[in-house]
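Visitor: Sending over a structure as C-alpha cells; questions will come in a sec.
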Amino acid sequence: MVHVLSSRVLLRPTDPERSRAFYGKALGLEIYREFGTGSERGTVYFLGGGFLEVSGRAAGPPTETLQLWLQVADAATTHQELLAHGVEVLRAPVQEPWGLIEMWIADPDGHRIVLTEVPADHPLRYRP
C-alpha cells in the first residue's frame, strides 16, 4: 500500500513569472516554500489540504485534462475580489443543479480553475 503523507499539483507554466503573479498576487495564495533562484525558481502555494507547485517551464500549450477545483467560503465575494485584481472570469458564480455554487476562471496559460462554494445546507457539509 502507498502511504501518502503529502501531495501537490505540479504546474509547468509557459511564463513562470506571469504565473507566480497570477497565483500569488491575483489569487492571493499563500506561499508554502520557494526553491532555486531567479526567474526559474519554484514556488509552492498552499491549496487548503494540498499544494500547488509552479516551477519549470512548459514548451507547449496546457492540456485540457488538468483543471483545479478550489473551495472558497463565499463565491460572490471571491468574484468581486478577482475582478478587482483584473482576473478574467470565464463564468460568474452560478448555483448548479447539484447544489454547489461554481464560478470559472483560467490562469495565464489557460488552465481552467473552478472556484466552488458549498452552501451550508448542501449534503457535502453533513451526513443525513
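Visitor: Taking the Cα-to-Cβ direction at residue 89 and at residue 10 and moving 7 Å from each Cα, how far apart do the two end points lie in nm?
Guide: 3.5 nm
Visitor: Could you look at the chain and say what percent of its accessible area is carbon and sulfur, using a 1.4 Å probe and all protein chains?
Guide: In the chain, the share of accessible area belonging to carbon and sulfur is 55 percent.
Visitor: Quick check for you: with a 1.4 Å probe and neighbouring chains kept, what is the accessible area per residue of the stretch 1-116, in Å²?
Guide: Ligands and nucleic acids excluded, the figure is 59 Å² per residue.
Visitor: Suppose only helical runs count, i.e. DSSP H with n ≥ 4. What mean residue ellipticity at 222 nm does that imply for the chain under -39500 (n - 2.57) per run, divided by all residues and rounded to the nearest 500 deg cm²/dmol?
Guide: So the calculated ellipticity at 222 nm is -3000 deg cm²/dmol.
Visitor: I'd like the antiparallel share, as a percent to the nearest 5, of DSSP beta bridges with both residues in the chain.
Guide: 70 percent
Visitor: At 7 Å along the Cα-to-beta-carbon direction for both residue 18 and residue 77, put a label point, then send me their distance in nm to one decimal.
Guide: Going by the 7 Å Cα→Cβ label model, 3.2 nm.
Visitor: How much length is gained if the chain between residue 41 and residue 122 is pulled fully straight, taking 0.36 nm per residue apart and subtracting their Cα-Cα distance, in nm to one decimal?
Guide: Extra length from residue 41 to residue 122 when fully extended: 25.1 nm.
Visitor: For Rg/Rh (Cα atoms, Kirkwood Rh), which listed value, (i) 0.99; (ii) 0.95; (iii) 1.02, comes from the coordinates shown?
Guide: Computed from these coordinates, Rg/Rh (Cα atoms, Kirkwood Rh) corresponds to label (i).
The values are calculated or read from the model by the stated rules, or taken from the named source; none is laboratory data. Here the structure is a predicted model, which is why all the values come from computation and not from measurement. Because the Cβ atoms are built from the backbone with ideal geometry, glycine has one as well, and the counts that use them run over all protein chains shown. Just so you know, the surface numbers come from the protein's heavy atoms only, side chains and all, with ligands and any DNA or RNA stripped out. Shrake-Rupley method; radii C 1.70, N 1.55, O 1.52, S 1.80 Å.
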